[in-house]
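Presented below is the structure to which this report refers.
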Amino acid sequence: MMIEANHAGDRPVIAATAGLHPSAVVIGNVEIGDEVYIGPNAVIRADEPSADGSVGAIVIEREANIQDGVIIHALGGTGVRIGRGTSIAHGAIVHGPSEIGANCFIGFNSVIFKALLGDGVIVLHQALIEDAAIPNGLTVPSMTAVRDKEDVIRLAPASSDLAEFALKVCQTNVFLTGVSSLIRSASNSSRKDNSYV
């Protein structure tokens with residue numbers, strides 16, 4: 001696992017109950033909440049400076065999960081927020097400035113860039129959300145580009161089946177976090193004071 005500071009000296013702050021795979025990379029001004037799962041080969045980098053040299057934060061709220069091969073990064077002076085209980089599925093890219101609400105699902109290989117997603121938004125696989133704000137509870141179909149208000153108007157509400165699917169994915173990954181915490185405890189983890197030094 002690679003946990004390191006950025007050029008400005010910002011170090012990740014990782015909750016003691018979070019579960020990170022040994023191949024995950026977390027750099028810079030990153031906050032990872034309780035019971036967050038970070039999967040294999042995920043890369044979370046808060047290292048691009050603004051004009052004044054400061055780096056915006058990447059915040060991953062409790063019970064969110066960042067799955068295998070996900071990349072989270074932000075343009076200089078901007079940040080990313082991933083809401084509580086949100087799932088970012090395999091191979092997705094979330095690039096700031098972006099904010100994703102609570103209990104969302106972002107599907108395989110989807111790209112989120114300069115976007116604001118409300119709570120309970122379901123983005124299916126290989127979709128693109130760019131320069132758009134999506135209200136609570138809508139669904140973005142697979143292989144769909146959402147780039148303006150007209151695209152947003154065409155989106156339908158998430159079905160109860162999709163909402164249940166998103167909840168199950170979240171619950172599964174919270175379970176995996178608990179299991180990885182047990183394994184970590186058994187192997188005398190080097191974590192101290194809720195952060196990496």
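What the table shows:
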item	result
Single match in Ile27, Ile72 (criterion: modelled with pLDDT of 95 or more, surrounded by 24 or more Cβ atoms within 10 Å (Cβ to Cβ) and in a strand (DSSP E or B))	Ile72
Search result, residues across region 1-24 that are in contact with a strand residue (DSSP E or B) (Cβ under 7 Å, 6 or more places away or on another chain), closer than 24 Å to Cys170 by Cα and either among the basic types (Lys, Arg) or assigned to a loop (DSSP other than H, G, I, E, B) (or both)	Met1, Pro12, Ala15, Ala18, His21, Ala24
Members of region 47-69 found to be crowded, with 19+ Cβ neighbours inside 10 Å and over 30 Å from Phe165 (Cα atoms), listed by number	Asp47, Val55, Gly56
Residue among Thr177, Thr172 that alone is among the polar types (S, T, N, Q), crowded, with 16+ Cβ neighbours inside 10 Å and under 19 Å from Val36 (Cβ atoms)	Thr177
For Ile112: the one exception among (1) touching a residue at least 24 places away in the same chain (Cβ under 8 Å); (2) aliphatic (A, V, I, L, M); (3) crowded, with 24+ Cβ neighbours inside 10 Å	(1)
Sole residue being over 22 Å from Val140 (Cα atoms) and touching a residue at least 12 places away in the same chain (Cβ under 8 Å), chosen from Val26, Val70	Val26
Residue in region 4-28 that is nearest to Gly56 (Cα to Cα), counting only those that are in contact with a Leu (Cβ under 8 Å, 6 or more places away or on another chain) and aliphatic (A, V, I, L, M)	Val26
Of all residues making up region 31-52, the number that are among the hydroxyl-bearing types (Ser, Thr, Tyr) and either in a loop (DSSP other than H, G, I, E, B) or out of contact with any helix residue (DSSP H, G or I) (no Cβ under 9 Å at 6 or more places or on another chain) (or both)	1
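Yes/no per residue for (1) surrounded by 18 or more Cβ atoms within 10 Å (Cβ to Cβ); (2) of a type in the set (S, T, N, Q); (3) closer than 23 Å to Val36 by Cβ:
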residue: Arg81; (1), (2), (3): yes, no, yes
residue: Gly107; (1), (2), (3): yes, no, yes
residue: Leu128; (1), (2), (3): yes, no, no
residue: Asn136; (1), (2), (3): no, yes, yes
residue: Lys149; (1), (2), (3): no, no, no
residue: Ile153; (1), (2), (3): no, no, no
residue: Ala166; (1), (2), (3): yes, no, yes
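The values are calculated or read from the model by the stated rules, or taken from the named source; none is laboratory data. The shown structure was predicted, so the numbers you read here are calculated from the model rather than taken from an experiment. Positions of Cβ are backbone-derived with ideal geometry, glycine not excepted, and every protein chain shown enters the neighbour counts.
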